[in-house]
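All remarks here apply to the structure that follows.
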Amino acid sequence: MEYFLEILFGGLTRGSIYALIALGYTMVYGIIELINFAHGEIYMIGAFTGLIIAGVLGAAGFPAAAIFVLAILGAVLYSAAYGYTIEKIAYKPLRGAQRLSPLISAIGMSIFLQNYVMLAQTSDFLPFPSLIPEFKVPWIGHIISSSELIIVVVTILVCIGLTLFIKFTRLGKAMRATAQNRKMAMLVGINVNTVISATFVVGSSLAAVGGVLIASHIGQINYYIGFIAGIKAFTAAVLGGIGSVPGAMLGALILGQTEAFATGYVSSDYEDVFAFALLVLILIFRPAGIMGKEPVQKV
Amino acid sequence: MRGNWKLLALVLAVVALFAAGCGEGKKDEAKKLVLGVAGAHSGDLASYGLPTVNAAKLVAADINAKGGVLGMQVEVLSQDDQCKPEMATNAATKLLSEDVKIVLGHICSGATKAALEIYKDGNIVCMSPSATNPPLTQSGDYPNFFRTIASDDAQAQLEVDFAKNLGLKNIAVIHDKGDYGKGFASFCKQFIEEDGGMSVALFEGVTPGAVDYSAVVQKIKNSGADGVIFGGYHPEASKIVTAMRKKNIDIPFLSDDGVKDDTFIKVAGEYAEGVYATGPRDISGNPLYAVAEEAHKKEFGTDPGAFYYQAYAAAQALLNAVEKAGGTDYDKVVNALRTEYVETPLGKIKFDGRGDAEGVGFSVYQVKNGQYVEVE
C-alpha cells in the first residue's frame, strides 16, 4: 500500500510538471492553431533564469523562502518576455501564411534558443540549488517529500487560478471568443493581437514556474532539458485534447501516472512505450483527444 | 526560359566555387601526415571529448618539433560527433574523404561502433582512448580498431568484486539503456549471478533526460537492495543519487568511469559524497605522465580532463606505428601496433591481437570531500 502511494505521488509530481508546460501548448493551439515547439525552450529558459537569480540572491544573503519566491517571479517575468517576443518575431509575420510555415518557424526558434543558451551559458550540466523549502510533511511525510508536495500544490493553485482567469476576467472571455472564431471576435471589437500576446505571456509564465520547480526538485539543469519535457507535455496536451485547457490538465495527470506506474509495476525500460501506447489507444477511439472537440466541417 | 538561364548560371557559379575550393585543398598535401581526431567536441558530453583534441595537438606539436614522422609534419584534423552515432558516421565519412589514414577516436562506444564500419571499408586505423564496449575488440569484427583503455567487462568484474568486498548481498543494477551503460550493467548482472553469494534485486533501464527518476528510486527502495550499481554517464547518475539521498536511501552507490568525472561531483554536490566509481588505474607514477601533464598546463593553463592520458598514449602509439611501418600502409601499421612497444604516459604499451592495449586497467575511486580518491 505504501509503495502504491509512493508511486502515485511520484506520478502526481511528474504529471504536475507536464501540466504546467502542457497548458502553454494547448492555450496557444486553441487561439491560433499553432503547435509552439519553442515552448519547451521557454521552460528551460525559466529554469536558467531561476538559477541565475538564486545564485545572485543567495550570495547577497537573502532567506531561503524569499529566494524561492523571487526566483519564480523573476523566471516568470523573463520567460513571459521571451514568449511575447517570440510570438512577435517568429509567428506574427506568418499569421496569414499557410499552416506549415509558422510550424517550421517554431522548430527553428526552438533550435535557435537551445543553441543560444548553450553558447551563452554552457553545454555542461549545472547544479541547481534546492530552492524549495525542506520540511517534514505531516502524516504522509514518509511517502512524499516537501518538494513533491509543493510542486503538486503550486500546480493545483495555478490550474485553479488559470481556470478562474479564463472564466471570469474580460481578457479570459476575449481569449475564449478568439479561440472560437477569430474573425468574429475582431468584428465585435476584440483586439486579437493583444489576446494572442496575452496567451503567449500566460503560457510562458506557467512553463517558467514548472521549470524552476522541477529544476529545484531534481537538482540539475542544462540547455537541453526543454526538449524532452516539451515533447512529453505536448503528448499530454494531445492526449487531453489539444486546444482544451482542462484537457491538458487531465492529459498531463494521466500521462504522469501512466509513466510512474509503468516504471513502478512493470519496468522503467517500458516507461515511454506505455505512455505512447496509451496515446495511440486514446487517439484511435477519440481522435480529438479526451476532452477535445470534434472538428466541425466548415462548409 | 529566362528564369532557367538564371538558374543555370547560378548552378555553374556554385559548381565553379566548389571546384576552386577542391583545387586549393589538393595543393599542399605533400609532406604531411593527417591525424584525424573524432569525438564529442560539443554537446553535453564535450567534457569527455575535448581533452583528446588537446592531447592530439600536444603530441603532434611535440613530434613536429622533433622533425615529424618520417619527415612528414603531423597535422590534426578534428571532427565533432557529439557522441551521437548518426553524427559519427558523418565525421567518419568526412575523414575518409579527406584521405586520413589514422584516426584517434571516437569517444563514446555507440558512436565508435557506428563509425568503425566506414573506417573498416576505408582501411583506416582507428584508436579510441575511451570506448570501452567489449565487442568492439572481442567480436573480432573490427581488426582496424585499437584502444588504450580496458573494456567494460574488466571494469564490471572489478566493480562486482568490490561490491562483494563491501559486503553487499542484494544489488539493484540500473543503466541508461545506452550501448555503454547497458553493456556495463549487463556484465555486472552476469558476474553477480555467477558469483552465487550475491543476487540481483532489480535490473532496469532509465530514460536519459526524463523529468524525474522518483519512480525508479522508489522501486530501488522497494526491492530491498542493499546497494546500487549504475551503468551510464554522470547526468543520470547525479539525478538518481540526488533523488535517492533526498528519500533517505543511504545504500552504497557504485558506478563506472562515465561517472568518474568532476562534473558529477560539481552537479551532485553534497549528495556525491561516498559514491564509488571505477576509472582508469592511477598512472601518475609513470615518467611520461608528468611530461604530458606539464605540456597541457603550459599550453592550455589548466589541468587535463577525462581520458587525456589515454588519448595522449593513443596518439603516440598511432604515430609511432606509422614511423615503424615506414608509411601509412594499412597492414604494416596494424602489424606495427601489435609488435612495437611505445613509451606512453600509461607505461610501455603494445596491443594484443584483438586491439586491446596490454597492461592498462581500472581502479575503484570514492568521492571524499568533493574529490575522487583511489580506494584499495
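Among the candidates A:GLY46, A:GLY11, A:GLY50, A:GLY30, the residue that is within 10 Å of chain B (Cβ to nearest Cβ) and either part of a helix (DSSP H, G or I) or crowded, with 21+ Cβ neighbours inside 10 Å (or both) is uniquely A:GLY11. Residues in the stretch B:42-81 that are part of a helix (DSSP H, G or I), within 14 Å of chain A (Cβ to nearest Cβ) and hydrophobic (A, V, I, L, M, F, W, C): B:ALA46, B:LEU50. If you check every pair at least six apart or on different chains, which have Cβ atoms under 8 Å apart with a residue in the stretch A:119-143 that is more than 16 Å from A:THR13 (Cα to Cα) first and a residue that is of a type in the set (Lys, Arg) second? Close Cβ pairs satisfying both conditions: A:PRO127/B:LYS266. One residue is enough: does the stretch A:230-249 have a residue meeting the conditions within 14 Å of chain B (Cβ to nearest Cβ), at pLDDT below 90 and either out of contact with any His (no Cβ under 9 Å at 6 or more places or on another chain) or farther than 21 Å from A:ALA80 by Cβ (or both)? No, the stretch A:230-249 contains no residue that is within 14 Å of chain B (Cβ to nearest Cβ), at pLDDT below 90 and either out of contact with any His (no Cβ under 9 Å at 6 or more places or on another chain) or farther than 21 Å from A:ALA80 by Cβ (or both). Applying the set (1) surrounded by 24 or more Cβ atoms within 10 Å (Cβ to Cβ); (2) within 22 Å of A:TYR224 (Cβ to Cβ); (3) in contact with a helix residue (DSSP H, G or I) (Cβ under 6 Å, 6 or more places away or on another chain) to B:PHE184 leaves exactly one unmet item: (2). Within the stretch B:282-312, count every residue that is touching a helix residue (DSSP H, G or I) at 6+ places or on another chain (Cβ under 7 Å), at pLDDT 90 or above and among the aliphatic types (A, V, I, L, M). Of the residues in that region, 3 qualify. Looking across the stretch A:115-129 at every residue that is assigned to a loop (DSSP other than H, G, I, E, B) and within 21 Å of A:ALA71 (Cα to Cα), the one that is nearest to the other protein chains (Cβ to nearest Cβ) is identified as A:PHE125.
Yes or no: B:ALA321 assigned by TED's automatic domain parsing to the domain that holds B:GLY39 and in contact with a Ser or Thr (Cβ under 8 Å, 6 or more places away or on another chain)? So B:ALA321 fails the test. Here A:ILE17 does not fit the description of being more than 27 Å from A:SER267 (Cα to Cα) and in a helix (DSSP H, G or I).
In summary, strands (runs of 3 or more DSSP E) completely within the stretch B:199-292 and bearing 2 or more residues that are more than 8 Å from every other protein chain (Cβ to nearest Cβ) and either closer than 30 Å to B:ILE63 by Cα or of a type in the set (Phe, Trp, Tyr) (or both) occur at B:276-280.
Note on the stretch A:217-229: residues that are farther than 17 Å from B:ILE240 by Cα and more than 7 Å from chain B (Cβ to nearest Cβ) amount to 3. Residues that are more than 11 Å from chain B (Cβ to nearest Cβ), in contact with a Cys (Cβ under 8 Å, 6 or more places away or on another chain) and part of a helix (DSSP H, G or I): does the stretch A:265-280 have at least one? No: zero hits. Quick one: is B:GLY258 touching a residue at least 40 places away in the same chain (Cβ under 8 Å), assigned by TED's automatic domain parsing to the domain that holds B:GLU159 and over 21 Å from the mean Cα position of the chain (by Cα)? So B:GLY258 does not fit the description; no.
Against the test of being within 13 Å of another protein chain (Cβ to nearest Cβ) and touching a residue at least 12 places away in the same chain (Cβ under 8 Å), the options A:ILE196, A:ILE214 yield a single qualifying residue, A:ILE214.
Under the condition of being aliphatic (A, V, I, L, M) and touching a Phe, Trp or Tyr at 6+ places or on another chain (Cβ under 8 Å), the residues counted in the stretch A:114-128 number 2. From the list A:SER101, A:SER110, A:SER105, the lone residue that is surrounded by fewer than 20 Cβ atoms within 10 Å (Cβ to Cβ) and polar (S, T, N, Q) is A:SER101. The set of residues in the stretch B:206-236 being closer than 22 Å to A:THR235 by Cα and either touching a strand residue (DSSP E or B) at 6+ places or on another chain (Cβ under 8 Å) or not assigned by TED's automatic domain parsing to the domain that holds B:VAL259 (or both) consists of B:VAL206, B:VAL216.
Where helices (runs of 4 or more DSSP H) fall wholly inside the stretch A:130-241, the ranges with 2 or more residues that are under 17 Å from the mean Cα position of the chain (by Cα) and buried (at least 24 other Cβ atoms within 10 Å of the Cβ) are A:146-168, A:192-218, A:225-240. Do we find that B:GLY279 is touching a Lys or Arg at 6+ places or on another chain (Cβ under 6 Å) and modelled with pLDDT under 90 in this structure? Yes. With respect to A:GLY251, is the statement that it is more than 30 Å from A:MET175 (Cα to Cα), assigned to a helix (DSSP H, G or I) and not charged (D, E, K, R) true? When the stated conditions are applied, A:GLY251 does not pass them.
The values are calculated or read from the model by the stated rules, or taken from the named source; none is laboratory data. Quick caveat, the model's predicted, so the values are computed rather than measured. Counting neighbours? That spans all protein chains shown, and the Cβs are built from the backbone with ideal geometry, glycine included.
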